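Report on one structure; see the data block that follows.
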Amino acid sequence: MALVRILAVAPLAGFVVRLKLTNGEEIERDLSPLLTGPIFEPIRLDEARFRQVQALEGTLFWPGGADLCPD
């Protein structure tokens, strides 16, 4: 069985994103519980930085090196 990965991301209000997955599904998730630690502090403090989220190779990342690995 192939792992489901993220194909695309769209930031919504707050820390919620809409994700398009490799299985064709589209889901919305609140990322706020995952944005912990010093690497995510600039993202938590500045909504404009949060909105710079991108999807690459199945994961979410932001400029500056922060990412959320799906594994």
Residue list for the stretch 57-66, restricted to those being at pLDDT 90 or above and either exposed (fewer than 14 other Cβ atoms within 10 Å of the Cβ) or in contact with a His (Cβ under 9 Å, 6 or more places away or on another chain) (or both) = P63
Residues in the stretch 30-52: is at least one among the aromatic types (F, W, Y) and either part of a helix (DSSP H, G or I) or open to solvent by 90 Å² or more (accessible area, probe 1.4 Å) (or both)?
-> yes
Starting from residues that are open to solvent by 70 Å² or more (accessible area, probe 1.4 Å) and modelled with pLDDT of 95 or more, keep the ones in the stretch 8-24 and report whichever is nearest to the chain's Cα centre (by Cα).
-> R18
Return the pairs, sorted by first residue and then second, in which the second residue is part of a loop (DSSP other than H, G, I, E, B) and among the basic types (K, R), the first residue lies in the stretch 19-43 and is more than 15 Å from L68 (Cα to Cα), the beta carbons are less than 6 Å apart, and the residues are 6+ apart or on different chains.
-> T22/R5
Only unsatisfied item for Q52, checking (1) touching a strand residue (DSSP E or B) at 6+ places or on another chain (Cβ under 8 Å); (2) at pLDDT 95 or above; (3) not hydrophobic (A, V, I, L, M, F, W, C), is (1)
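The values are calculated or read from the model by the stated rules, or taken from the named source; none is laboratory data. Remember, it's a predicted structure, so these values are computed and weren't measured experimentally. Cβ atoms come from the backbone with ideal geometry, glycine included; neighbour counts cover every protein chain shown. Heads up: the accessible areas ignore ligands, DNA and RNA and are worked out on the full protein's heavy atoms, side chains in. Shrake-Rupley method; radii C 1.70, N 1.55, O 1.52, S 1.80 Å.
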